[in-house]
1. Taking into account only those residues within region 245-270 that are of a type in the set (A, V, I, L, M, F, W, C) and without any contact (Cβ under 8 Å) to a residue 60 or more places away in the chain, which is farthest from GLY308 (Cα to Cα)?
2. In region 409-442, what residues are of a type in the set (A, V, I, L, M, F, W, C) and part of a helix (DSSP H, G or I)?
3. Looking only at region 123-142, decide whether some residue is among the acidic types (Asp, Glu), modelled with pLDDT of 90 or more and over 22 Å from VAL30 (Cα atoms).
4. Among the listed residues TYR73, TYR80, identify the single one that is buried (at least 17 other Cβ atoms within 10 Å of the Cβ) and hydroxyl-bearing (Ser, Thr, Tyr).
5. Check ALA206 against each of (1) surrounded by 14 or more Cβ atoms within 10 Å (Cβ to Cβ); (2) touching a residue at least 24 places away in the same chain (Cβ under 8 Å) and name the one condition it does not meet.
6. Quick one: GLY45 ticks every box in (1) crowded, with 16+ Cβ neighbours inside 10 Å; (2) outside any helix (DSSP H, G or I) except a single one, so which number is it?
7. Filter region 262-292 down to the residues that are in a strand (DSSP E or B) and open to solvent by 30 Å² or more (accessible area, probe 1.4 Å) and list them by number.
8. Collect the residues in region 486-504 that are over 21 Å from GLU437 (Cα atoms) and buried (at least 22 other Cβ atoms within 10 Å of the Cβ), keeping them in residue-number order.
Amino acid sequence: MSPLPKQQSLNGVDNGAIRLREIRLASGLVLGAFLLTHFSNHALGLFSIEAMERGRQAFNLLWRNPLGTALLYGALMLHYVLALTALFRRRTLHMPAREAAQLALGLSIPFLLLSHVTGTRLEFSLTGREVGYPDVLRGLWITAPENGVRQALALIVVWLHGCLGLYFWLRSKSWFPRYATLLYTCALLVPVLALLGFAEAGKEIAADPARFPPTPAMASSADLLTDIRTSLYVFFAASIGVTLAARGFRAYRNRNRRIRITYPGVEVVSIPLGFSVLEGSRIGGIPHQSACGGRGRCSTCRIRIVEGLEAQPAPTAQELATLRRISAGPDIRLACQLRPTHDLSVIPVLSLGPGGMITLLASSRVGRGRERELAVLFCDLRGFTRLTEHRLPFDTVFILNRYFEVVGRAIEDAGGHVDKFIGDGALALFGLTQPPEKATKQAFDAALRILKGVDHLNRVYASELDQPLQVVVSLHAGPAIIGEMGYGQATNLTAVGDTINAASRLESLAKERGAQLVVSAELARRAGLDLTGHERQTVLVRGREAPIDAWIIQDVREITSVG
């Protein structure tokens, strides 16, 4: 496996863009901390207005000192400017609903909050008049309840926007699924308690308005605040308008500079120069997974480049780090980060939903039936029936799913496609879109990944297993007929023929000999494997005249080189 190239830029999207994204995240976290403390202060209204005022004193100590004020307003303006920058950099507005919601909510926030901010923070900065909760509650609950409804809506919009941003950041973290329920619960409780506190305090002041006399207003500042508020509305509207106009001008300028992306099934998507492959998939409606929303924080959008790799720009530092973390081959790239400069053919490695990539393959002439040179992998667990005899069904299903996860990920990461899981075994095909020699190397790579992954599984669940899981793997290469086969919902892309039968027989041989891996001599020859020193045996296959020569490898740790 050749090393991935080092490069600091990618078609104009350099490390600066990545740093800006991280700065936007940091500014968002500052604003999130402000919202959390502010809404917690609102929630104290469930006790009393006096409790809200005492909480406000602590809140002001944190956010109205010079450092807190500079941090808050600096983060606010920085976040807004970087959000507009991200909107401009985004080449297409085709995006998942959650991302579209976050964008729309974010752009609406300034217009929902300006009246509140100018009436509290800005007035205090200009006149020194401190507006407390009684004054705000009187204005929003009694004097102008329509403003109270707008503020309640603003609270929900701002919190939802922040939660979506936090979700996009955290969802690719390995620990997120374990704490997702707790985080969702907290995300729901914070605005609910804040709104309940606001409503309870509003009812309290409406029941006895004289108990909280209003703070005298300064008439001289009213006109100035109105002018400032109007100017800010114009500024935010103009800045968004200019950003959208700049996007339109760029699209017009690049309208004739287009890149063709070919997907399995000979489906072609044409994108303007500067778009990412992920954006091309979204434009073309191609199933394409992206856990982090195309921010380069995960590897779920990774693609295998079948043709045109040499002409593309090299990975950025962030993409390179992600690819190295998953031990990706040189033909693997992140679709969200690769902005192709020349035509290319790609295969999304991870498919979305049932069918996924196989659906794309099946829609091509391949799916209608043809003969093709393939590399075939069979794997099975040895003695798993005995292992499950004294286990609860749930425990058996749990262990099997962890095993299937290891097998499936190994096959897909190596470049193959899982044809089917059969009991505690699996069949995988390599070469559906790759040349035969490369397919054989990918199959051997997948076998090593499976055996390594099961070994790791045994260490992780050592206390749960009476004996370690023992997997056997067989590999063979040759011609096979591939196409859509089956009936009704059970129809899928699969392969049949002598090569499949021979690979299955080699798996049985591995079980009989207690070996971890059996590799046909044909596959070893095509892959350029040097297996000298291992046992070689001739195997008879039922229904096949010619025997098969195969290498028997008792322990894959004995393999010192891979061709």
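The values are calculated or read from the model by the stated rules, or taken from the named source; none is laboratory data. No experiment lies behind these values; they were computed from the predicted model shown. Using ideal geometry, Cβ is built from the backbone for each residue, glycine included, and neighbour counts are taken over all protein chains shown. Ligands, DNA and RNA are stripped out before the accessible areas are found, and what is left, the full protein with its side chains, is counted by its heavy atoms. Shrake-Rupley method; radii C 1.70, N 1.55, O 1.52, S 1.80 Å.
1. Step by step, filter region 245-270, then rank; the result is ALA245.
2. ALA410, ILE411, ALA414, ALA439
3. So far as region 123-142 goes, no, none of its residues is among the acidic types (Asp, Glu), modelled with pLDDT of 90 or more and over 22 Å from VAL30 (Cα atoms).
4. Answer to the check: TYR80.
5. Status for ALA206: all satisfied but (1).
6. Of the numbered conditions (1) crowded, with 16+ Cβ neighbours inside 10 Å; (2) outside any helix (DSSP H, G or I), the odd one out for GLY45 is (2).
7. Within region 262-292, THR262, GLU267, VAL268, SER270 qualify.
8. Matches in region 486-504: LEU493 only.
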